Structures are given as structure tokens and as C-alpha cells.
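Engineer: Here's a structure for you.
What follows draws every value from the coordinates through simple rules; no lab data is involved. These figures come from a predicted structure and were not determined experimentally. Positions of Cβ are backbone-derived with ideal geometry, glycine not excepted, and every protein chain shown enters the neighbour counts.
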Amino acid sequence: MKKTKLFIAFALILGTLQLANAQDGKFRFGVKGGVNFSNLYTDNVDDEHVLVGFNAGLFAKLPITKFLAIQPEIYFTTKGSELVYNNTFETGTAKFNLNYVEVPVLVVVNLGKHFNVHFGPYVGYLLDGSITNDSNLNVFDFENSINEDDFNKLDAGIALGLGMDVDALSFGIRYNYGLTTVGELQDYNCTQYTFPDGKNSVINVYVGIALN
């Protein structure tokens, strides 16, 4: 139901933007997709290991001036990480697989005819999440004790990237810096903790195709 509402909202935005730009034909709408390199950043865990995933969805580009545009997007994206931990109890690797519907709203600054920088906020909704664990003692049974309800449903952060437009094609690289923890706040024996307490960190390389 929430996914349906997001797509309906995006369709309404696209319709409004297309009407606003029907006379000059500068409105761009298309599909995009690419490869993700994701991990979770935190002060307490070694997060150098990345997961390779993908993103795929829709974008629209509304020029405001010759040098400035607003670009809303909606897409499916994978995130997560392989986190290596080493503490008093045990050592091991926990693998997080997180799938989101994500909506960024970006400001695009054109640096000439083909190149641009873009930046802005994004918000994502977690569709599903899973975790696997491989450790020396298996004291922490992550796979059975943590389920989808233990993950934060909302993810929000800042996106920053570089792009290149060549006719109907767009190419780019973007970094998404998460500002919310992946895990929900938990209570155990009157003690509150958050696990996983990392935040999403994703680099994606993408290709877009304008359909108008």
C-alpha cells in the first residue's frame, strides 16, 4: 500500500511538471539504473567490506534556468554491508541485506552543455531486510533473534553526485550519505541499545535514458 502511494504521488508530480513545461519541451522524463557499492558506517565496527547491488527506477528533470534544474526520482535500491566485529565476546561477520524504495529530490547545477553536479535530500522506505552471521562462537544469534521489525523502516540522508548528459543518455556517479540508523531502538534488561547502529553509505554508478 505504501509503495502504491509513493508511485501515485510521483505520477502526480510528473503530470504537473509536464504541464508546466509543455510549451518549451525542456521537461525530461526517463528511466535509470545502475550498480550500488554499499556499506554501513559506524564508529564501533569495521565496515570496509562492501556489498554490490543495484538500483532501478524513474527520474524527471525540470529546468528552472539554463544552469539550474530540479530532479525528483523514485527507484528501488539495495543497501547493506558485511560488518566485521571483534569484541570481548566473539569475532565474526554479519551480513545485512536491505531493500528500499527511495525518493531523492535533487538540485542540478549545469557546468556547461554536458556536465552537472547534483545534490539534495532523499528519503527511503524499507521493503525488506535480512541478516546472516558467521562467527567463532555464535553467542549472538543474529539470524534468528533479529527480523525485519528490528530495522528502521525509514532511511533519510543527503545525496551528492556528478553527471553527464549526452542527448537522451545520462551517466553519473552519486554518493548517498545516510543520517538515520539502520536498526530500531531496542530494550534488553532495562537497557536501551540500537543494533545495527550503523547508517547507510552508498556509492552508485548509473545510466539514464530520457523517454521524451
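Engineer: Between Thr65 and Leu154, what is the spin-label point distance in nm, taking each point 7 Å from the Cα along the Cα→C-beta axis?
Structural biologist: It is 3.3 nm.
Engineer: Okay, next question. Please find the FRET efficiency linking Tyr41 to Tyr125, where r is the Cβ-Cβ separation and R0 is fixed at 30 Å, and quote it to the nearest 0.05. Please report the intermediate quantities before stating the final value.
Structural biologist: On the way: r = 21 Å, r/R0 = 0.69.
Once rounded, the FRET efficiency stands at 0.90.
Engineer: For Asp134 and Val105, FRET efficiency with R0 = 45 Å and r from the beta-carbon atoms, rounded to 0.05?
Structural biologist: 0.70
Engineer: What residues qualify as long-range amide H neighbours of Gly198, i.e. H under 5 Å apart, gap of 5 or more or another chain, H built at 1.01 Å from N?
Structural biologist: Here the answer is Val182, Gly183, since their amide H atoms fall under 5 Å of that of Gly198.
Engineer: Multiply the residue separation of Val205 and Met164 by 0.36 nm, subtract the distance between their alpha-carbon atoms, and state the gained length in nm to one decimal.
Structural biologist: Answer, rounded to one decimal: 13.6 nm.
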